[in-house]
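Since every read-out is calculated from the coordinates, none of them should be taken as a lab result. Just so it is clear, the structure is predicted and the values come from calculations on it, not from any experiment. Here Cβ is always computed from backbone atoms with ideal geometry, including for glycine, and neighbour counts include all displayed protein chains.
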Amino acid sequence: MPSITIRRPARPLDATVQLPHSKSVSNRALLITSLLDDLSLVSALSDGDDTRVMHTLLRDRPHTMDCGAGGTTFRFLLAWAAVQDGEEHLITGIPRLLERPHDDLVEALRTLGADIKKTSKGYRVRGRKMKGGAVHFDSPISSQYLSALVLIAPRLQEGLDLKWTGTRLSEPFVSMTLKMLDHFGVRPSLTLDGVHVPPSDYQAVPYQVPPDWSSAAFWFEQVALDPGAQVALPGLTMETLQGDREAAKLWAPWVEVVADKNGILLKYRTDAEPRPNEPLDLKHVPDLFQPLAFTVAGRGELGAYTGLDNLVVKETDRLQAVAAALSTLGCTAGHRGGTFIQGGSILQKGAYTFDPDIDHRMALSLAPMALLVESVTIKDPGVVDKSYPGYWDDLRKAGYSVVENR
């Protein structure tokens, strides 16, 4: 298996980084514009594998739609295929993706009138005109179920009345979806415990995808671990649909954010103080957990997090993966349910090798540990292509030694 070895820059980071564009926003915009039969309405798409695959599948509309490892792509295409009247598609992916939970979404689509059958190869979907109506989710394991339904809701004959009770994981992603509907001329209305989307027509208007706040988190991590560091992120703005802008608050004890018309500048806080010990609720921004946990470990602080219930069913069990990596680095960590607790400092400063086990966010958040140890080797470095293909090149430009091993 190929690998890549990272060593820290010779001096504090002082870099300008062109972040990839948002995968989450890209995939929502692509589904909407596909329903408009004009994918060209979207510009500045993410160059990550998930978006590249989704764009190709929506453009070519093959019978077999192989989503690879992309959970968002898979779930969005299940909904998309259900409203393609007269077409039949097989929605599939790698074995691990097919093992992830999708049944609640499939049952909701069937309730709304979809013709979906689970097979050994994936899900066979026969598109039709769907009646729509009411669906109730109670503590769904993924907000992608809700976003997938909301995106096709304007095509449903009776629209969609979506009720959402219990734990509301990753709620900002659903808010993002609703705001994108509004951009394309559909006016959803919030109810006491859900949302109503009327049957209507999307409007053909251009949309430019913004830089990705989820990817910015890995640079927040690096600045927090490198005294004297500063990193400019052109085009990034606090005025965004993306919930992961919460990174600015989560890293505030260690990273100063300076915003201007060109983007934001991250600066290491010389007056940095340990974060207060009370648990952080990350149920709205679970994608920030991994870079935050490694930041806390690198600074030798204590950390406790709640609201991480859905991380056990991502590309890998992220709670177990982070706990194992922290243990390797000499820290302590444990988790139960959706709660994760960590403590201690990185004890050994030697060379470390990690296998991200097909999880792009593990690779992206482990690489900055090279700021603190002799070196970090990441197996299967191509895993970052899912969301941030240029990451290794960006590290090189920032002054890291990044060597490919064969």
Using alpha-carbon coordinates alone, the radius of gyration and Dmax of the chain in Å work out to 21.2, 63
If one computes the Cα centroid of segment 94-110 and of segment 153-232, what distance in Å separates the two points?
21
Quick one: if you take sqrt(5λ) for each eigenvalue of the C-alpha gyration tensor of segment 23-208, what semi-axes come out, biggest first, whole angstrom?
21, 20, 16
Positive end of the dipole of the chain, charges at C-beta (+1 Lys, Arg; -1 Asp, Glu), about the Cα centre: which of V195, L98, V209 has its Cα farthest in that direction?
L98
Helix 23-35 axis, angle to the chain major axis (alpha carbon atoms, nearest 10°)
20
Mean separation of Cα contacts under 8 Å, 6 or more apart, over the residue count of the chain: relative contact order %:
21
Once the Cα gyration tensor of segment 281-391 is found, what semi-axes does its equivalent ellipsoid get, as square roots of 5 times the eigenvalues, in whole Å, sorted largest first?
20, 18, 11
Neighbour-limited loop hits for trypsin sites (Lys or Arg not before Pro), segment 121-211 (at most 14 other Cβ within 10 Å; DSSP other than H, G, I, E, B):
K121, K129, K131
What is the local net charge at L19, summed over the other residues whose Cβ is closer than 13 Å to its Cβ (Lys, Arg +1; Asp, Glu -1)?
-2
Give me the angle, in degrees from 0 to 90, between the Cα long axis of helix 71-82 and the longest principal axis of the Cα atoms of the chain, rounded to the nearest 10.
10
Can you compute 3J(HN,Hα) from phi for each residue in segment 101-115, using the Karplus curve 6.51 cos²θ - 1.76 cosθ + 1.60 with θ = phi - 60°, rounded to whole Hz and x for Gly and Pro?
x, 9, 4, 5, 5, 4, 5, 5, 4, 5, 4, 7, x, 6, 10
Ranked highest first by the average count of other Cβ atoms within 10 Å around their residues, in what order do 206-215, 93-102 fall?
206-215, 93-102
Where the centre of each part is set by its Cα atoms, how far does segment 111-152 sit from segment 1-45, in angstrom?
27
Can you give the calculated 222 nm mean residue ellipticity of the chain, where each DSSP H run of n ≥ 4 adds -39,500 (n - 2.57) and the sum is split over every residue, rounded to the nearest 500 deg cm²/dmol?
-9000 deg cm²/dmol
Among GluC sites (Glu not before Pro) in segment 183-283, those in a DSSP loop whose Cβ has at most 11 other Cβ atoms within 10 Å are E239
Positive-end residue, segment 23-208 charge dipole about Cα centroid, Cβ charges, pick of A153, G48, L77:
L77
Round to the nearest 10 and give me the degree value, 0 to 90, for the angle of helix 49-60's Cα axis relative to the longest principal axis of the chain.
20
Among P198, P356, P62, determine the one that fluctuates most according to a GNM of the chain built with springs between C-alpha atoms less than 10 Å apart.
P62
Residues with amide H under 5 Å from that of G263, placed H, sequence gap 5 or more:
G235
The ³J(HN,Hα) series, computed from each phi in segment 222-238 with the Karplus coefficients 6.51, -1.76 and 1.60 at θ = phi - 60°, rounded to the nearest Hz and given as x for glycine or proline, is 5, 5, 5, 9, 10, x, x, 6, 8, 9, 8, 10, x, x, 6, 9, 6
Those trypsin sites (Lys or Arg not before Pro) from segment 217-265 that are DSSP loop and have at most 11 other Cβ neighbours within 10 Å turn out to be K261
Subset of K23/K129; K121/K314; K163/K386; K118/K179; K121/K386 violating a 24 Å alpha-carbon distance limit
K23/K129; K163/K386; K118/K179
Considering only C-alpha atoms, what is the centroid distance from segment 368-384 to segment 256-328, in Å?
17
Placing +1 at every Lys and Arg Cβ and -1 at every Asp and Glu Cβ, with all other atoms neutral, what dipole size does segment 233-343 have around its Cα centre, in debye to the nearest 20?
120
